[in-house]
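Peer 1: Quick one: this structure, given as structure tokens, is what I'll be asking you about.
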Amino acid sequence: MSAELPVQIENAVTSKRELALRAAETIRDGFSDYNRLFSEITQRAKRRFEERDWGAARQDAVDRIESYDLCVGRSTDAVSELLGKAALDHALWSQIRDFYAELIAPLIDQELNKTFFNTLSRRFFKTRGVDPAIEFVALDIEPTDRIAHPVARHAYAVSADLSQLFERVLQDFPFALAYQDIPRCADLIARALQDQLADWGEHPVHAVELMQTVFYRERRAYLVGRVFGEKRYGPCVIALVNGENGVRADAVITRREHIAILFGYTRSYFHADLPTVGDAVVFLRTLLPKKSIDEIYTVLGRAKQGKTERYRHFYRHLLGAPNEQFVHAEGEKGMVMLVFTLPSYPLVFKLIRDRFAFPKNVAREEVQAKYRLVFHHDRVGRLVDAQEFRFLRFRKAQFAPALLEELLDGCKESVYQEGEDLVVSHCYIERRLRPLNLYIKEVDAAMAIKAAVDYGQAIKDLARSNIFPGDLLLKNFGMSRTGRAIFYDYDELCLVTECRFRALPTARYDDEEMHHGAWYHVDDNDVFPEQFPRFLGLSEEQKQALLAEHGEIFDVRWWLEVQERLRSGGYADIPPYYNEVRLGQ
């Protein structure tokens, strides 16, 4: 053997290691670029709030969502150019992953970096399921368990006057325009806090701590933190609004169930300029101990990390329940979507069917476009967040026979078999809600009436945010654990501004009146609000309660007025909290 050969081999090994390190650095820099862009967009939220530029704020929300795929695409191109023909070298990618792990080891947010890496590796190798040789996989621990770094916060000890404390609080969170009346705002906050925590004792508030980062969403800013009593603590969120006369406090929220709604999966994502995310997630979990970590990451705008944590947590659960089977989700069979669930886990999996039953006439691409619309839209607490997943791998044995048969027969564009596995190439995953048509039959009369009335409020909230559900049947709405009606069936959803709302024509003679079906011409985008009550399936008592509270939604004039406001640029302000926590002004 030539003496030069070992040297050549050594040089090749060194060259490969250098290439792997450079690729790891390129991916790290790609994530840094994404993080920088994410921050730049997020930082604009304060100015949007100060200037009351709500249209620009909505566009920022869309731009920030799209920034992830934009930066992944740039990094994919950079790595492809660097690696050349070695771009699909599996062993090389294993080295790249190891180097990458070393580069990000000191970071608090290394989980976000790992998810970015996984996204790239899956794009290169079109991975089905998981490839632990070239991906970061950790099913045994929570990603935030090792984070001991405290989130940056302001701490306030109560001396004598609680109102004076909140004057200091508001002064610590200044804006480019003045507060309307700091002493009055502080007094209202203090009194609300004392009233809400009256069961803590005569002097309930001993200390307050608030995150230094202000949270923005839609038309509000939030100071997020905790309040401490002598023996207990709880969440404390102060909502601020910017009115014509300046910034003022609008609400104080201390009940965990109300905080859960504020940070819920039916809301758009916050814009909060957090220097690091993991420590903020740890802090927020002290306020929301029952909320899953994936939903906290998601509501902070880290939707991709939210998907990673949802996958991680679900598969950990699945491994612990090897004999439990996926089954059809409860509720009426969908004509467009096939929906299944694991009974012990609060998620549903929604797949687009290959063929849609009559009278559905939408195409697969149209359904996907409607889900994208919801992902980018202000969800105002009435639309469930549907996360898109690709190439999930399951064991066929974990599917009930009837479900497996229907998947393989009716969802061939979304499902295929590989040996003993079933690969779901495309689906949407959502939180499981109790279908409203079942819920109102299971609860007592008072609860059913309350649900019917909130259903009407949900339609109003959606309409004012420019969403028309299309199909208003109760089966397309679900009830959350906080008792709110949520819309979750998007295949007929559209913008209110795209609809043509019409009054029912008056028959000219008896033959028209008695004609089976519509005797007048109806276009695809025609909507007749007067017809809504005929198909809801409510009892007479429930229908009358709905009409008494929200009867205008069955009047074409109300929809035309909403439509006109939307077309003139006006979007309704829909607070993400109940009136009971709002401050008297």
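Bear in mind these aren't lab numbers, they're just calculated from the coordinates by the rules spelled out. What you are looking at is a predicted structure, and each value in this text was computed from that prediction instead of being measured. Don't worry about glycine lacking a Cβ; one is built from the backbone with ideal geometry, like all the others, and counts go over all protein chains shown.
Peer 1: Arranged by the count of other C-beta atoms within 10 angstrom, fewest first, what order do F358, F349 take?
Peer 2: On the way: F358 6, F349 23.
Starting with the residue having the fewest Cβ neighbours, the order is F358, F349.
Peer 1: Starting from the 7 Å offset along Cα-to-Cβ, what nm value, one decimal, do you get for the label separation of R146 and N323?
Peer 2: Distance between label points: 3.6 nm.
Peer 1: Given only helices, namely DSSP H runs of n ≥ 4 each adding -39500 (n - 2.57), what is the per-residue ellipticity at 222 nm of the chain, to the nearest 500 deg cm²/dmol?
Peer 2: Numbers: 17 runs with 253 residues, N = 585.
Helix-only estimate at 222 nm: -14000 deg cm²/dmol.
Peer 1: For the range 320-431, divide the Cα radius of gyration by the Kirkwood radius and give the resulting Rg/Rh value with two decimals.
Peer 2: Working: Rg = 14.3 Å, Rh = 14.8 Å.
Result for the range 320-431 is an Rg/Rh of 0.96.
Peer 1: Something else: Among the lysines, which have Cα under 24 Å from the Cα of K360 when same-chain residues fewer than 8 positions away are ignored?
Peer 2: Within the straight-line cut-off, K360 pairs with K333, K350, K370, K412, K475.
Peer 1: Subtracting the Cα-Cα distance from 0.36 nm times the residue separation, let me have the gained length for Y345 to L473 in nm, one decimal. Don't skip to the end; give the middle numbers.
Peer 2: On the way: separation 128, 0.36 × 128 = 46.08 nm, distance 2.58 nm.
So the chain would gain 43.5 nm between Y345 and L473.
Peer 1: Find, to one decimal place in angstroms, the Kirkwood hydrodynamic radius of the range 4-125, where the mean of 1/r is taken over every pair of different Cα atoms and then inverted. Don't skip to the end; give the middle numbers.
Peer 2: Numbers: mean 1/r = 0.0618 Å⁻¹.
Here the Kirkwood hydrodynamic radius works out to 16.2 Å.
Peer 1: Test of the criteria: in the range 102-159, which GluC sites (Glu not before Pro) are in a DSSP loop and have at most 14 other Cβ atoms within 10 angstrom of their Cβ? Show your work: numbers first, answer last.
Peer 2: Working: sites: E102, E111, E135; in loops: E135.
Taking the range 102-159 and a limit of 14 other Cβ atoms within 10 Å, no loop GluC sites (Glu not before Pro) are found.
Peer 1: Here is a further query. So if I restrict to the alpha-carbon atoms in the range 51-200, what is the Rg, and what is Dmax, the biggest pairwise distance, in Å?
Peer 2: Rg and Dmax of the range 51-200, Cα atoms, are 24.4, 71 Å.
Peer 1: Can I ask one more? For the chain, build the charge dipole from Cβ charges (+1 Lys, Arg; -1 Asp, Glu) around the Cα centre, then report which of C236, V336, Y222 sits farthest towards its positive end.
Peer 2: Ranked along the dipole, the leading option is C236.
Peer 1: Working only with C-alpha atoms, what are the Rg and Dmax values of the range 395-456, expressed in angstrom?
Peer 2: Using the Cα atoms of the range 395-456, the pair Rg, Dmax is 17.9, 52 Å.
Peer 1: Using label points projected 7 Å from each Cα along Cα→Cβ, tell me how many nm separate V443 and N525, to one decimal.
Peer 2: Output for this residue pair reads 3.6 nm.
Peer 1: Calculate the spin-label point distance for H206 paired with R153, positioning each point 7 Å from the Cα along the beta-carbon direction, and give it in nanometres.
Peer 2: For R153 paired with H206, the spin-label model returns 1.5 nm.
Peer 1: Under the √(5λ) rule applied to the eigenvalues of the Cα gyration tensor, what semi-axes describe the equivalent ellipsoid of the chain? Give them in Å, descending. Could you put the intermediate results ahead of the total?
Peer 2: Details: eigenvalues 355, 263, 100 Å².
In descending order the semi-axes read 42, 36, 22 Å.
Peer 1: OK, next. Mind checking which of S80, W54, G30 is farthest towards the positive end of the range 4-125's charge dipole, using Cβ charges of +1 (Lys, Arg) and -1 (Asp, Glu) about the Cα centre?
Peer 2: Positive-most Cα among the choices belongs to W54.
Peer 1: May I ask you to order 552-564, 186-198, 213-225 by the average number of other C-beta atoms within 10 Å around their residues, highest value first? Before the final figure, lay out the partial values.
Peer 2: Working: 552-564: 16.4, 186-198: 18.5, 213-225: 21.9.
In descending order of packing, they fall as 213-225, 186-198, 552-564.
Peer 1: Please pull out the direction-averaged projected area of the range 434-581, using the convex hull of its alpha-carbon atoms, in nm² to one decimal place. Mind showing how you got there, number by number?
Peer 2: Values: hull surface 41.7 nm².
Result: a mean projected hull area of 10.4 nm².
Peer 1: Multiply the residue separation of F125 and V362 by 0.36 nm, subtract the distance between their alpha-carbon atoms, and state the gained length in nm to one decimal. Each step should come with its number before you reach the end.
Peer 2: Numbers: separation 237, 0.36 × 237 = 85.32 nm, distance 3.26 nm.
Fully extending the segment from F125 to V362 adds 82.1 nm.
Peer 1: Going 7 Å from the Cα of E244 in the Cα-to-Cβ direction, what parts of the range 176-217 have a backbone nitrogen less than 16 Å from that spot?
Peer 2: Backbone N within reach: 180.
Peer 1: On each of the three principal axes of the Cα atoms of the range 153-316, give max minus min coordinate, whole Å, ordered largest first.
Peer 2: So the extents along the principal axes, rounded to whole Å, are 51, 39, 25.
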